[in-house]
Amino acid sequence: MHVIGTVGLPGSGKGEAATVAREEGIPVVTMGDVVRQETADRGLDPAKDHGKVAQALRDEHGPAAIAERSLPMIEDRLEDHDVVLVDGIRSDVEVDAFERRFDENFTLVSIEAPFEVRAERIEARGRDAGADDGGEPLAARDERERGFGMDDAMARADVVVENTDTLEAFHDRIRAIIREGPAASEGDEALERPDEATEARR
């Protein structure tokens with residue numbers, strides 16, 4: 001049994017990591033789906049009210065509410081699969097929830113890229129990072145995600161993937177993690193342990 005969790009700011013590449021997992025036959029549990037379903041259940045617009053409902057769930061049921069709601073989904077998929085990828089972890093409290101449940105079978109992967117790179121990617125897929133179309137600006141999304149405790153979650157990652165190379169290279173790195181686990185980072189400059197990543201940024 002192996003549960004891989006991904007954490008990263010908007011546009012960093014979490015969705016692409018999920019795509020690779022699906023191509024490898026690995027089921028993906030998207031924590032955002034929990035929020036989208038709750039948003040719909042409340043009669044709100046998932047496109048506009050996602051962030052508000054995510055915060056409401058945490059306010060009403062505790063900071064680990066979304067992670068806890070995703071646990072049964074993960075365990076259900078583990079009945080038929082050896083590996084499950086969890087897309088969209090946003091706080092250290094959520095990391096705690098997964099580590100309590102899965103212990104050493106849980107690997108946290110932080111996917112990272114500079115703001116400018118992420119903004120270009122978001123614009124390339126038809127969403128304006130400046131939110132001129134009335135959506136939420138990327139800077140505001142970053143601030144909201146960090147408010148959940150994302151920086152603390154990223155700091156606890158077992159593996160850091162700097163997603164600034166080609167899409168093909170990024171897919172190869174994620175595929176290696178899925179197939180080989182954290183050991184795939186050994187000898188690969190793009191995959192770093194947290195302490196190494198911290199030193200590199202100083």
| query | Quick check: anything in the range 102-125 free of Cβ contacts under 8 Å to residues at least 60 places away in the same chain, within 22 Å of residue 153 (Cβ to Cβ) and of a type in the set (Lys, Arg)? | reply | no
| field | Contacts under 6 angstrom Cβ, first residue in the range 1-23 being in contact (Cβ under 8 Å) with a residue 40 or more places away in the chain, partner surrounded by fewer than 21 Cβ atoms within 10 Å (Cβ to Cβ) and of a type in the set (Phe, Trp, Tyr), 6 or more apart | value | 3/102; 3/106
| remark: Of (1) surrounded by fewer than 21 Cβ atoms within 10 Å (Cβ to Cβ); (2) of a type in the set (Gly, Ala, Ser); (3) at pLDDT 95 or above, residue 40 fails just (3)
| field | Residue under evaluation residue 124, criteria (1) more than 17 Å from the chain's Cα centre (by Cα); (2) farther than 17 Å from residue 15 by Cα; (3) modelled with pLDDT of 65 or more, criterion not met | value | (2)
| message | Looking at the range 111-125, can you tell me whether even one residue there is surrounded by 15 or more Cβ atoms within 10 Å (Cβ to Cβ) and assigned to a strand (DSSP E or B)? | response | yes
| query | If only one of 44, 85 is under 16 Å from the mean Cα position of the chain (by Cα) and farther than 20 Å from residue 146 by Cβ, which one is it? | reply | 85
| query | Looking at this structure, is residue 53 among the β-branched types (Val, Ile, Thr) and in a helix (DSSP H, G or I)? | reply | yes
| query | Considering only the range 62-95, how many residues are surrounded by fewer than 19 Cβ atoms within 10 Å (Cβ to Cβ), charged (D, E, K, R) and within 18 Å of residue 24 (Cβ to Cβ)? | reply | 3
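The values are calculated or read from the model by the stated rules, or taken from the named source; none is laboratory data. Note that this is a predicted model, so its numbers are computed, not measured. Positions of Cβ are generated from backbone atoms using ideal geometry, with glycine treated the same way; all protein chains shown enter the neighbour counts.
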